[in-house]
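The values are calculated or read from the model by the stated rules, or taken from the named source; none is laboratory data. Please read all numbers here as calculations on a predicted model, not as lab measurements. With ideal geometry, Cβ positions are generated from the backbone for all residues, glycine too; neighbour counts draw on all protein chains shown. Areas reflect the complete protein model, heavy atoms only, side chains present, ligands, DNA and RNA absent. Shrake-Rupley method; radii C 1.70, N 1.55, O 1.52, S 1.80 Å.
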Amino acid sequence: MRVTIAIATVAAVLAAAPSAWGAQRSVASGPLRATIATSPWHLAFEQVGGARLSEAPGAGTGPTGALGFSAGGVWRHATAVTAERRRGPAYEADVATTDPLLGLRVRIEPAGGGIVRVRAVVTGAASGDVDHVGVAFQLPAGERQLGFGERSNAVDQRGNTVENYVSDGPYQTEERPFIAGFVPPPGFHPRDDATYFPVPWLLSTRGYGFLVEGSATSNFRLGTDQPGAWSAEVEGAALSFRVFAGPRPAGVLRRMSAALGRQPRAGAPFFLGPWFQPASDDEGKDIQRLRRADAPASVANTYTHYLPCGAQQPAEERKRTALFHSAGLAITTYFNPMICTSYQPVWDQAVAAGVVTKNALGDPYTYKYTGSTVFLVGQMDFTARRAQAFWSRLLGESVRDGYDGWMEDFGEYTPPDSRSADGTPGPEMHNRYPTLYHGAAHAYSRAAPRPLARFNRSGWTGTARHAQIVWGGDPTTGWGFDGLRSAVYSGLTMGLSGVSLWGSDIGGFFSLGENQLTPELLIRWIEMGMASGVMRTEANGFAIPDKNRAQIFDPGVLPVWRRYAKLRTQLYPYLRAADARYQRTGMPIMRHLALVHPGDARAAARDDEYMFGPDLLAAPVLEPGARTRPVYLPRGAWVDLWRSASFESRGGGLRLGAARLLRGGRSAVLPAALAELPLLVRAGAVLPLLAPDVDTLSSYGRARGLVHLSDRRDRLRLLAFPRGRSSATAGTGQRLRSVEGARRWTLAVSSKRLTRYRLQASLRTLSKPFTPCAVSVGSRALPKRAWRFDSRTGVLRVGFAVRSSRLVVRGRCA
């Protein structure tokens, strides 16, 4: 009877309104327009000057095809609109499907400029049998599919099935049986694409974005089920997604990150400096090792576990933080969202306050957590009424003890059969939990007495706006998958998913089997870490069997650590400006070349090199024993930094020599000595640098000889490679504009305060190099003794002090 009525209803609608069938409807949002064909059903998205996203046709029983749903593993798809209506700018339709008993109710509406939201809900008496809702789109040749949150297996996921589920890992294949022995089952999916921080987000190199909304687990099938098509499916009986316009990938990312929220800005300069973990029990000795080596540092990351079991001893913590502060270092500690049942009276207080996640019987949900031993724990329920106050009290203890932040660990273990105070079922809360967890810490930090460097590993859609810093979890001490190469992939995929302040464990964490942190691997990871959003070492880890672990304090490694810690500290004005741009536009510090050179297909295809800020191209060495590095140079002209400048071993600064200029739009092989990160500078760039004697970017410490950022705030070193026109900003408050003219180069500088500049400029990078005969600042000609030009190297050196003025270099003085 139900089948007969459903078919008869569709037939009646067809007969009553024949003129409607074949018609198209549309919903516009700025440059993006959704178009709907009513019979047969078809959905597409078109954007001004950009790519078209068109639904894949098909009404078969598989997941690829028109909007549809799965029941019992069999897919049914939309066929035709049976009723439609307008509600303001939104379009709503009832849609028949290949299942005569079930239909879809679809709503399509603007969701911000250049963004369209689609929501489809299965309707009908048997909708409770539906297990997934999904949609498929056409996949043209050459399209690369990026994003998806933090992923270790690949940057371009085309050809893969990608699961969106918050989990621990991924871990190498041979490690997974061991890991499964101590990670709770809800937190472990043994897959190559497993990740702590998934985002169900696809960013196409053709210039559109697709975001699955909500907290349910979902999958992308990217050309795996049908060539030329990709699909997205979500668990449950409803699918909601947003499509974002470009027309270029950077524009898509700007819209997405604005809609979901960007990370908070770097709250203090020390966030952007070098971080290190002490490697011995004598932490004062480690501090002195760095000082004697003239190796700058801004943060020490330590791991007193305030949670889960309350390992802190207040008097000892205050003594410890005072030690690091006196040495000019900020210091972080450790929290996770679990509470040991043995941690008294805190556990009993948490239960009494109702801030612990519960089981189906309404009792505290406990499970095993493995640290130095096995503990029974419950986890905070951040939806409980008293949770924020309770959590803030726990965090506040560490701040009163002098800490400047903490590792905000875990967040991936919410059991599917748990219950939260707001009634959210466990399967939905599992993916939602990291946002609530990190959001509660963020809420506390905004009212804290000083900036707090919180770094977390878990996340989901929307977590970024609460994630002060993200780190890539516990990688393997290896070169390939889940090791150094995966760290590059993770940094790029996070940047493509709206996260900028990201870093990895320099050196890795797990050393199982034959994996080991060798000096060579540590050195290469230091180089890659310098060119990340956050530069932070990991001194310990988990090894089976026991084995030696290289450290930054080792004689063969310490000079390399010093070199890149010096460079990182000097780059602070450049990095601060890059962070400010992220705040405005969503452009991350680690920039996949598809964001910067979208029209260059060879550049967009590279996943092992990236722009580090606006003007530096980094190509970390990812193979053991390699002493050269093939690099693709995007269009334009590039300067090979280490063939054009030398690192001064005595002072730690950069001294410019004869510039090696390379033509872009082609591949090149660069030298890559063990202590060299292949690093190129965009021709035309003016790099703002701190003086090389700055020891710390923190405000702590007044030891004799300790040089702070504040001591050199009115001094700036400029490394210039002038060519054409360019502009730059320094995070210390200066603006720079470089203009090449006929036998003339002008550098305009502006600042709100008097700044002393020391300029090194290569005049050989000019389109038409010349020998200078006069240099002036404003209306004042500088005497010859005030500037020097080396005709052998083509380098001009000059010092000047101004607020706002123009330095003009002339090659024609008749």
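At a glance:
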quantity	calculated
Charged-residue dipole, Cβ positions (Lys, Arg, Asp, Glu), segment 304-459 about Cα centre, Debye nearest 20	340 debye
Residue-count net charge about Gly665 - beta-carbon cut-off 11 Å; Lys, Arg +1, Asp, Glu -1	+3
Accessible area per residue, Å², segment 34-185 with all protein chains present, probe 1.4 Å	34 Å²
17 Å reach of a label modelled at Thr373, 7 Å along Cα-to-Cβ, counting backbone N of segment 340-357	340-344
Accessible surface of the chain [probe 1.4 Å, protein heavy atoms]: carbon and sulfur percent	52 percent
Using a Förster distance of 25 Å, the FRET efficiency for Asp422-Leu361 (Cβ separation, nearest 0.05)	0.85
Efficiency of FRET from Cβ geometry, Arg737 and Thr161, R₀ 51 Å, rounded to 0.05	0.55
Charge dipole (the chain, unit charges on Cβ, about Cα centre) - positive-most of Gln379, Ser127, Leu43	Leu43
Point-charge dipole on Cβ atoms (K/R +1, D/E -1) for segment 520-566, about Cα centre, debye to 20	180 debye
Solvent-accessible area per residue for segment 490-632 (1.4 angstrom probe, square angstrom)	26 Å²
Stretch gain in nm, segment Glu174-Thr585, where the contour uses 0.36 nm per residue and the Cα spacing is subtracted	143.9 nm
Loop-located chymotrypsin sites (Phe, Trp or Tyr not before Pro) in segment 578-648, at most 16 other Cβ atoms within 10 Å (DSSP)	none
Arg650 versus Val707: modelled label distance in nm, points set 7 Å from Cα along the beta carbon direction	1.4 nm
Cubic angstrom per residue, convex hull over Cα atoms of segment 63-202	160 Å³
Where Rh is the Kirkwood radius over Cα pairs, Rg/Rh for segment 395-453	1.08
Local electrostatic count at Ala295 - Lys and Arg +1, Asp and Glu -1, tallied over other residues with Cβ under 13 Å	+2
Exposure ranking of Cys773, Cys813 by accessible area [1.4 Å probe, largest first]	Cys813, Cys773
Label-to-label distance, nm, for residues given as Asp714 and Ala447 (7 Å Cα→Cβ offset)	3.9 nm
Estimated FRET transfer efficiency when R0 is 45 angstrom, pair Asp348-Asp131 (beta carbons, to 0.05)	0.65
Nitroxide proxy distance, nm - points 7 Å out along Cα→Cβ at Arg386 and Ala59	5.9 nm
The chain, helix-only ellipticity at 222 nm - DSSP H runs n ≥ 4, -39,500 (n - 2.57), divided by all residues, nearest 500	-6000 deg cm²/dmol
Proximal lysine pairs, the chain, alpha carbons under 24 Å, eight or more residues apart or interchain	5
Cα-centred dipole magnitude for the chain, charges only on beta-carbon of K, R (+1) and D, E (-1), debye, nearest 20	5800 debye
Cα gyration tensor, segment 124-250 - rounded (a/c under 1.5), prolate or oblate	oblate
Linear extension gain, Asp281 paired with Gln313, 0.36 nm per residue minus alpha-carbon span	9.9 nm
Å² of accessible area per residue within segment 186-329, as computed with a 1.4 Å probe and no ligands counted	31 Å²
Farthest toward positive dipole pole in the chain [+1 Lys/Arg, -1 Asp/Glu at C-beta], among Asn456, Thr205, Thr341	Thr205
